[in-house]
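One structure is given below, encoded as structure tokens.
The values are calculated or read from the model by the stated rules, or taken from the named source; none is laboratory data. Computed from a predicted structure; not experimentally measured. Because the Cβ atoms are built from the backbone with ideal geometry, glycine has one as well, and the counts that use them run over all protein chains shown. Surface accessibility is based on the protein's heavy atoms, side chains included, excluding ligands, DNA and RNA. Shrake-Rupley method; radii C 1.70, N 1.55, O 1.52, S 1.80 Å.
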Amino acid sequence: MYELKTQVRVEEGLHTRPSTQFAKLAKSFKSDVEVIRDGLAANGKSAVKIMLLGVKQFEEVVIRASGEDEEQAILSLKLFLLDEQAGVGIAAASNDAVVPASLTAAPHTACSRKEGANTACKGIGASEGHRVADAFVYLPEVLKAPCLRLAAGTEEKEWQRFEQIFGQMRERLMEQLDASEEDRNIIESLLDVSADEEYHGAIRQRVLSGCDAASACLAVGDELAAALEGVNDPYIQARAEDVRGITRQLTLRLLGKEDVCLSELEQPCIVIAEDLSALDFARANLAQIRGIVCMHGSATSHVAIMARAHGIPAVLGLGVSLDSLRSVRQVALNGADGHVWFDPEEAVIERCQAAEHREQQQLQALQDFRHLTPTTRDGRVIEVAANLGTLKEIHAAIEAGAMGVGLFRTELLFMDRRSLPDEEEQTRVYTELAKAFAPHPVIIRTLDVGGDKPLPGIQFPQEENPFLGWRGLRMCLDRPDIFLPQLRALLRASVEGNIKIMFPMVSDVDELRRAKALLAECAQTLEAEGIATGQPKVGIMIETPAAVLTAETLAAEVDFFSIGTNDLTQYVMAVDRMNARLAHLYRTDHPAVLNAIRMVCNAAEQHGIQVGVCGEAAAKPEMIPSLVALGVTELSMSSTSILRAKQVISSL
């Protein structure tokens, strides 16, 4: 037996791809191989066992080999672990990169589908517009194992059936991918894990013991996913969904079924779902989606924001039994007031179609405001800007007549990937954004994430209420390794002359001063390195009651305020904005919220700084007059709302 201790320098540790490559290398030797971390030993020829150790970069492990080529094996495996680039170049693999996500049906009680034909079911109006279209029911069924006992002598035949389907799945997945090496590596990595003894071998053992292949597959997949979730590493935990995704695809084929998929939409439809994620949107054929109906969500949830950004009417938080929706054929909806009709009568269809026609005429009439600078009758100019999350949204914002960017959500740049974006990548993105809107201002919000929006490379603590926890500026100040590269990138991009930097989730003036000090430190360092920078204006989001109550103190420290009415309303009203049951209390027009906005505007006026609103209230025609009257000088919103906002302002 031969063993040695070594440091693991593989970038981000032994995650999926490095583990599979390590296991393949170990299998090339005749000797038995073990990897030991903190007294826990794993079979070095099992990628899954290695992953379950949760080995991170710069941690030490012991490699042990026993056999005729043990010394050669140890030396080769040590060199692998010392190579930072081993397994690098693989983007974050998500379940949706492989298969559609599985949605678990949770029954609700409200209006039945039969009632909905004549009487509208009531949800939350999340994105305006009337629509009528065929239904696309995006409710993948919960798979259940048949739990069959195989007849004696048929076990080998059942295993051969599994092997055939496994091979077909691999071929089909590879055919569905683009030719990019990165995508192929992701899938190959996941399939390597599925072929591991801990998965593939465990299924074989159950089948040969008399269990049907579908039941064996589901059972092993659940067990392995649970084990991965138990590892104290967010990236390894996320791989549990990859295992569930592969398991679902295999089980569907074993049962002779197929999942629904939003990327394959071929006809105009209204999507009915339990919920939709940002990734569902990213992979959907949006050109065919005429409306959205979800059982979960609120007017300020991600699906609502994205629906508005794409001009897709949506109703969320609809309390209807999921099982009753599976046979729906047609849907009519009013995204403004939240009414939905399932399999509607002809009179309902005619009313909705007529309303949609009027809306299209009104939208066409609004084109006159595209290049207009909105000015109130008493001569006040109100800037109307766009809220963006990616560079892909630039064109739509410019076409809508956006006077710059009032909020660029940088967190979307950090999400859905294995590693955090470096300074160079961020500089390129921020520079492209600034150039696209020059000379109009571009307000870029520094990273705003927390336990509810985890990122690779950031270990968030378990918190009872992540919305009140370690998030936004609080997290960034504690993680200079993440914050400083972003500040440096923003300073470098600010040579374009129109970038403003905005800090989120400020509760105390000391937090702001610490952030400004770090920004100044980055500017000095860049100057010493001979790298050009600009002098961007600095502001904060006003979204906590503490920021409202100390607005006068904060105003003396910054160049502008931007009121995030989504979170401000949530915190002032003590209402979870994602809770559909409390929607009647989540009101930005509540006197308490309006008084908070008034206090902020008064403080801004006293110190001569601009105050904007970048929350969803900025786009509501009924709210715009109140916001302008209170002293707001800039409104930022989804691109689809810009023209109407300009019209409303011009009429004040």
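Descriptive notes on the structure:
- Filter result for the condition that a residue is open to solvent by 40 Å² or more (accessible area, probe 1.4 Å) and β-branched (Val, Ile, Thr), over 544, 550: 550
- Meets criteria (under 25 Å from the mean Cα position of the chain (by Cα), in a helix (DSSP H, G or I) and either exposed (fewer than 14 other Cβ atoms within 10 Å of the Cβ) or of a type outside the set (Lys, Arg) (or both)) for residue 395: yes
- Residue identified as aliphatic (A, V, I, L, M), part of a loop (DSSP other than H, G, I, E, B) and either open to solvent by less than 70 Å² (accessible area, probe 1.4 Å) or at pLDDT below 50 (or both) among 86, 126: 86
- Single residue of the stretch 343-361 satisfying the filter (part of a loop (DSSP other than H, G, I, E, B) and over 14 Å from residue 293 (Cα atoms)) that is least open to solvent (accessible area, probe 1.4 Å): 344
- Among the residues of the stretch 572-601, just one is polar (S, T, N, Q) and touching a residue at least 40 places away in the same chain (Cβ under 8 Å), namely 579.
- Single condition residue 147 does not satisfy, out of (1) modelled with pLDDT of 80 or more; (2) at negative phi; (3) open to solvent by 50 Å² or more (accessible area, probe 1.4 Å); (4) in contact with a helix residue (DSSP H, G or I) (Cβ under 7 Å, 6 or more places away or on another chain): (2)
- Any chance residue 153 is open to solvent by 30 Å² or more (accessible area, probe 1.4 Å), assigned to a loop (DSSP other than H, G, I, E, B) and modelled with pLDDT of 90 or more: yes
- Taking (1) modelled with pLDDT of 85 or more; (2) open to solvent by 50 Å² or more (accessible area, probe 1.4 Å) in turn, residue 465 satisfies each apart from (1).
- Candidate set: the stretch 292-342, residues that are hydrophobic (A, V, I, L, M, F, W, C) and assigned to a helix (DSSP H, G or I); chosen: the one most open to solvent (accessible area, probe 1.4 Å): 306
- Boolean, residue 556 is without any contact (Cβ under 8 Å) to a residue 60 or more places away in the chain, farther than 30 Å from residue 487 by Cα and open to solvent by 40 Å² or more (accessible area, probe 1.4 Å): no
- Hits in the stretch 267-286 - residues which are modelled with pLDDT of 90 or more and surrounded by fewer than 18 Cβ atoms within 10 Å (Cβ to Cβ): 267, 268
- Of the residues making up the stretch 384-401, those that are in contact with a strand residue (DSSP E or B) (Cβ under 6 Å, 6 or more places away or on another chain) and farther than 16 Å from residue 648 by Cβ are 386, 387, 388, 389, 397.
- Among the residues making up the stretch 484-512, those that are in contact with an Asp or Glu (Cβ under 9 Å, 6 or more places away or on another chain), in contact (Cβ under 8 Å) with a residue 60 or more places away in the chain and open to solvent by 10 Å² or more (accessible area, probe 1.4 Å) are 485, 488, 492, 500.
- Counting only residues that are within 19 Å of the chain's Cα centre (by Cα) and either open to solvent by 60 Å² or more (accessible area, probe 1.4 Å) or closer than 17 Å to residue 577 by Cβ (or both), the stretch 470-482 holds 2 of them.
- All of (1) open to solvent by less than 10 Å² (accessible area, probe 1.4 Å); (2) part of a helix (DSSP H, G or I) hold for residue 598 with one exception: (1).
- Matching helices (runs of 4 or more DSSP H) fully within the stretch 521-593 where at least 2 residues are farther than 24 Å from residue 338 by Cβ: 545-549, 551-555
- Residue check for residue 311: at pLDDT 90 or above and more than 15 Å from residue 135 (Cβ to Cβ): no
- Counted residues, the stretch 3-23 - those being in a strand (DSSP E or B) and in contact with a Lys or Arg (Cβ under 8 Å, 6 or more places away or on another chain): 3
- One residue stands out among those in the stretch 609-622 that are part of a loop (DSSP other than H, G, I, E, B) and either at pLDDT 95 or above or open to solvent by 10 Å² or more (accessible area, probe 1.4 Å) (or both): the one that is farthest from residue 309 (Cα to Cα), which is 609.
- Taken over the stretch 623-652, the criterion of being of a type in the set (Val, Ile, Thr) and either open to solvent by 10 Å² or more (accessible area, probe 1.4 Å) or assigned to a helix (DSSP H, G or I) (or both) is satisfied by 624, 628, 633, 640, 642, 648, 649.
- Taking residues in the stretch 218-231 that are farther than 11 Å from residue 202 by Cα and open to solvent by 60 Å² or more (accessible area, probe 1.4 Å), and partners anywhere that are in a helix (DSSP H, G or I) and not small (Gly, Ala, Ser), the pairs with Cβ atoms closer than 7 Å and at least 6 places apart or on different chains are 229/237.
- Answer from 188, 198 - the residue that is modelled with pLDDT under 90, part of a helix (DSSP H, G or I), closer than 27 Å to residue 256 by Cα and in contact with a strand residue (DSSP E or B) (Cβ under 9 Å, 6 or more places away or on another chain): 198
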